[in-house]
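What follows is a single structure, written as structure tokens, with notes after it.
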Amino acid sequence: MTGKANVTEPTILTNRTSKHANRDSPGRGSRILCRTTQKTDALRTKSQERNGLMKNYDKYEVGYFPPPTPHNEWVKKDHVEKAPRWCSVDLRDGNQALIVPMSLSEKVDFFQYLVKLGFKEIEVGFPAASHTEYQFLRKLVDDNLIPDDVTIQVLTQSRKHIIKKTFDALVGVKKAVVHLYNSTSVAQREQVFKKEKPEIIQIALEGAALMNEFAEKYPDTEFAFEYSPESFTGTEVEFAAEICNAVIDTWKQKPDREIIINLPATVEMSMPHIYASQIEYMCAQLHHREELAISLHPHNDRGTAVAAAELGLLAGGDRVEGTLFGNGERTGNVDIVTVAMNLFSHGVDPKLDFSNMPKVVEMYEKFTDLQVHPRNPYGGSLVFAAFSGSHQDAISKGMRCHRTGERKTWSVPYLLIDPQDVGREYEADVIRINSQSGKGGVAYILENNFGYVIPQQMREEIGYMVKDISDQEHKELSPAEVYQAFAKEYINVFDPIDITDATFKKASDYKSNDGMIVKIEVRIAGDEFQFEAVGNGRLDAISNALKQSPYTFDYKFITYSEHALSTESTSKAAAYVCIEDSEQNQFWGVGIHEDIILASVNALVSALNRQNRKDHFVE
């Protein structure tokens, strides 16, 4: 030990039970107690710098409160079986998160678009907070813009003048949710309000009582009351249940009025299964549970708001408050589009209409001046795109299987849902071509966009050709560019050999054999020739005729196929010919023509000209 410092490691106390037990004690001090020396700190810093480790991790700890006893019945369910009630908070949480908030006219247009998407509950703002929000609510009411089946929601703090102005703003509204909130978390109680639990409860009860009082003054409006213990996820669940029950008991004085208890992950602090267990615990503790609507309001600080919402629904949630594409302060609110479309992917009607997703994205970006990420689930421009060759091949085969009607439900490899169900196109959105693409993807583009059913043996060659172009140009190729490359290389290649006319007649009785006589006019390297020959079929006859030329045509047929390019009677036909030279190099050619016979002739000529590029039998 000579020459080495005797370093004492820090002692860290992180007992969860002790920490929770002390949270009610004023001035309880730091949650983590560390005893160390300056030398220890210096050594730790050097170690972190050497290893590239993140500093200061030890100043954090879990800040949530699991239920005191296990509440995990929700894990027995494997998926959500029905859509929740949806409440859009785009016009409040979403709007307040924008660098430039929406104008009055933009908010009106956005409200009407949310109605069109199917939202039946829409939070329109905090009318007592600003003149703009008050004016917006009055615009909706005075211009009769709220449909009879839509309930608007407004937010209020537990202060008399704010509650009064909120109810004043609702004059003439047919149905409204008045949403009362106050902060209940340990951090808010200790650092912001510096109040004990009974004082926090009193704030909530005063607001609840005032809401009862003001609602009686407006008998023509059907009110529902909502309460949020704000920062629920940083609140002891026992206290959250206590304050919610106190509010419920105050509001139950009018038994026919709906009560919504909203349990917000105002700051997402835990893994989503903890939130679900908290929801299940609250459902078990709340008074009159069967008469309540339990609302979920997850934020996305840890990136798991969607999972928290889904597990919260399994745990007993009835309602979800969120925004389109998760817009909201900091990392945003839960993305209602994703939660709804996840239900859709399990065969559950989401009760919202996202069948024209490109339009939803367009309108969202117009109103918020934000961009939907290209990989954002369901809405992003690349969410259905497959660049990988193996993925493209599997998708292509799966799509072909579904077109034949072999499967009644959707199960195409790599595609969670049918892109057409959200207004996307297979041709533009699914198979995308770049240097990572393969034969299946290129063949799919050529077939679905242009009608060319590429023979299986030809696909690999075309795939490599297109990949090489993409790699050399360092870009994605559009379907048009894929076709242009294919056409330039393979279709009706007439230089230096071009059969300008071909006339066929049978050489013998049709029933005995397929013998054909052909007369051809051919231009080879600028010289005109006429030949006549017989062969076992049209292409064999042409081959025999070409052998009469002064050039050496040395090849054999490998395969031939043909098809119409469309179902119309006037459509062109496509033919595919593969020939092989003496060194077993294969050459493909494609011919198109209104006449299927001449299309096959063009395909053979194209293959010969491509062979000539290598073998140079015609200079």
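Just the residues that are farther than 23 Å from Thr503 by Cβ and part of a loop (DSSP other than H, G, I, E, B), please, taken from the range 574-619.
Result: Asp581, Ser582, Glu583, Gln584, Asn585, His616, Phe617, Val618, Glu619.
Restricting attention to the range 53-104, and to residues there that are among the small types (Gly, Ala, Ser) and touching an Asp or Glu at 6+ places or on another chain (Cβ under 8 Å), which single residue is least open to solvent (accessible area, probe 1.4 Å)?
That would be Ser88.
Could you tell me which residue of the range 384-406 is surrounded by the fewest Cβ atoms within 10 Å (Cβ to Cβ), considering only residues that are among the small types (Gly, Ala, Ser) and part of a loop (DSSP other than H, G, I, E, B)?
Gly405
Scan the range 135-171 for residues that are in a helix (DSSP H, G or I) and in contact with a Phe, Trp or Tyr (Cβ under 7 Å, 6 or more places away or on another chain) and jot them down.
Leu140, Ile163, Lys164, Phe167, Ala169
Every residue, every condition in (1) in a strand (DSSP E or B); (2) surrounded by 23 or more Cβ atoms within 10 Å (Cβ to Cβ), yes or no:
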residue	(1), (2)
Val173	no, no
Ile201	no, no
Leu210	no, no
Pro219	no, no
Tyr227	yes, yes
Ala240	no, yes
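From the set of residues in the range 141-169 that are buried (at least 21 other Cβ atoms within 10 Å of the Cβ) and of a type in the set (A, V, I, L, M), which is farthest from Ser103 (Cα to Cα)?
Ile163
For Ala276, indicate whether it is of a type in the set (A, V, I, L, M), touching a Pro at 6+ places or on another chain (Cβ under 6 Å) and in a helix (DSSP H, G or I).
In short, no.
Look through Leu370, Leu343 and report the one residue that is assigned to a loop (DSSP other than H, G, I, E, B) and either in contact (Cβ under 8 Å) with a residue 12 or more places away in the chain or among the polar types (S, T, N, Q) (or both).
One residue alone meets the criteria, Leu370.
Looking for whichever is closer than 30 Å to Ala284 by Cα, of a type in the set (Lys, Arg) and either under 21 Å from the mean Cα position of the chain (by Cα) or part of a helix (DSSP H, G or I) (or both) here; the options are Lys107, Lys116, Lys82. Which one fits?
Criteria check complete, one pass: Lys82.
The values are calculated or read from the model by the stated rules, or taken from the named source; none is laboratory data. These numbers come from a predicted model, not from an experiment. Cβ atoms come from the backbone with ideal geometry, glycine included; neighbour counts cover every protein chain shown. Just the protein is used for accessible areas: all its heavy atoms, side chains included, with ligands, DNA and RNA removed. Shrake-Rupley method; radii C 1.70, N 1.55, O 1.52, S 1.80 Å.
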